[in-house]
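*Asks:* Once you've had a glance at the structure underneath, I'll fire off some questions.
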Amino acid sequence: MPALLAFAACVLIWGSTWYAIEFQLGVVAKEWSVFYRFALSAVLLQGWCTLRGLKVDFGRTGHIAAAGTGIFLFGINYLLVYAGTEHLTSGLVAICFSTLSMMNILSARIFLKTPIHLPVLAAAIIGVSGLALVFSREVAQFSMADETMVGLAFCLSATVTASFGNTIAASGKAKAFPILPFTALGLFYSSGFNLVVALASGEPMTFDSGTPYVASLLYLSVFGTVVAFTLYLWLIAEIGVARAGYISVVMPLVALTISTIYEGFVWSAAALTGLGLIIAGNAMMVRIKGKEDPAPSQTPSAN
């Protein structure tokens, strides 16, 4: 039950962050918005760890694992998604990101030697297919003749990058450390990386003091990052990287619910059919018991 609640919390939070991110775009360059988000998250989570007296000697191994997780999962991943969003509709972005469920399975197999469980793979395929039906109108409008191919390349690269970060977090070396301090350290490394990218972009360091920007930044930092990513990394340790990755299939439904209320999204017959497939895939995933832990001797080095 705790795993199910953590899964649901991640779905609800991340499904709503898509709408919150819209308030981050415009006045402030995306590179700086990403830096602000993860830098604030790092400070907040480290502050919480300090208050609770959570001090950990990570050593070289821990720092490498945290840096890898932070740079891939909180850094490159988000920068690529933001770049892809500039060329793709939100529906196509959601479909691209939903392939993370399958990318995690393949990445865990390659780097962690985790067996591929056919029920998990089948549930992921069913879920992604359902999401493609939900956004069938946008899929039908996809063209290889314009910049959508650029957006597709960015977003698919983002899912591959995220799967690398997930795999590092699922390794035995990463799971040897307490989740909160490890996540905080990863956020600090991602903040440093994102700062370098923001400076290299040449975009001016600006800040929007308006309520929409500040409120969305706080929501994305506290809930979208500190709370959700801590739960997500805990889920990876509890149920395996493959099953945890199914969150990427389900969370667009929350975004669609918000879009239905505030943006007038209309549910077609194909979308409802797709919803049924996603629910079926989710039901399969929930019924799968156990977790996909690699044998300790097969855990790869994070170097």
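*Asks:* Among the listed pairs K113/K175; K55/K173; K113/K173; K30/K55, which have their C-alpha atoms separated by more than 26 angstrom in this model?
*Replies:* Numbers: K113/K175 16 Å; K55/K173 17 Å; K113/K173 15 Å; K30/K55 33 Å.
Beyond 26 Å between Cα atoms: K30/K55.
*Asks:* Restricting attention to the chain, give the cysteines that have no other cysteine Cβ less than 4.7 angstrom from their Cβ.
*Replies:* C10, C49
*Asks:* Using the Kyte-Doolittle scale, find the helices of the chain whose mean hydropathy is at least 0.5 and whose Cα atoms extend 18 Å or more along the helix's long axis, counting only whole DSSP H runs.
*Replies:* Details: long enough: 2-21 (28 Å, 1.62); 30-51 (32 Å, 0.64); 118-134 (24 Å, 2.40); 148-170 (33 Å, 1.34); 179-201 (32 Å, 1.54); 247-262 (23 Å, 1.97); 269-287 (27 Å, 1.45).
For the chain, where a helix must reach 18 Å along its axis and average at least 0.5, the hits are 2-21, 30-51, 118-134, 148-170, 179-201, 247-262, 269-287.
*Asks:* What chymotrypsin sites (Phe, Trp or Tyr not before Pro) does segment 242-271 have in DSSP loop regions with at most 14 other beta carbons within 10 Å?
*Replies:* Loop-located and lightly packed - W267.
*Asks:* I would also like to ask the following. Give me P(r) over segment 59-151, computed from all C-alpha to C-alpha distances, binned every 10 Å, as integer percentages.
*Replies:* Taking every Cα pair in segment 59-151, the percentages come to 14, 33, 34, 16, 3, 0.
*Asks:* If you look at just the Cα atoms of segment 2-291, how large are its Rg and its Dmax in Å?
*Replies:* Gyration radius and largest Cα-Cα distance of segment 2-291: 18.3, 56 Å.
*Asks:* Say we join alpha carbon atoms closer than 10 Å with springs in a Gaussian network model of the chain; which of A66, A140, A132 then has the biggest fluctuation?
*Replies:* With Cα springs under 10 Å in the chain, the top fluctuation among A66, A140, A132 is at A140.
*Asks:* In Å and on Cα atoms, what radius of gyration and Dmax does segment 96-207 show?
*Replies:* Cα-based Rg and Dmax for segment 96-207 come out at 17.8, 49 Å.
*Asks:* Pick from A20, A283, A228: which is most flexible by mean-square fluctuation in a GNM of the chain where alpha carbon atoms under 10 Å apart are linked?
*Replies:* The residue with the greatest mean-square fluctuation here is A283.
*Asks:* Most fluctuating residue of Q141, Q24, Q46 in a GNM of the chain with Cα springs under 10 Å: which is it?
*Replies:* Result: Q141 has the largest fluctuation of those listed.
*Asks:* Using just the alpha carbons, could you tell me how many Å³ per residue the convex hull of segment 136-187 encloses?
*Replies:* Dividing the Cα hull volume of segment 136-187 by its residue count gives 108 Å³.
Since every read-out is calculated from the coordinates, none of them should be taken as a lab result. Because the structure is predicted, anything quoted here is derived from the model rather than measured. No Cβ is skipped: glycine too gets one built from the backbone with ideal geometry, and neighbour counts run over all protein chains shown.
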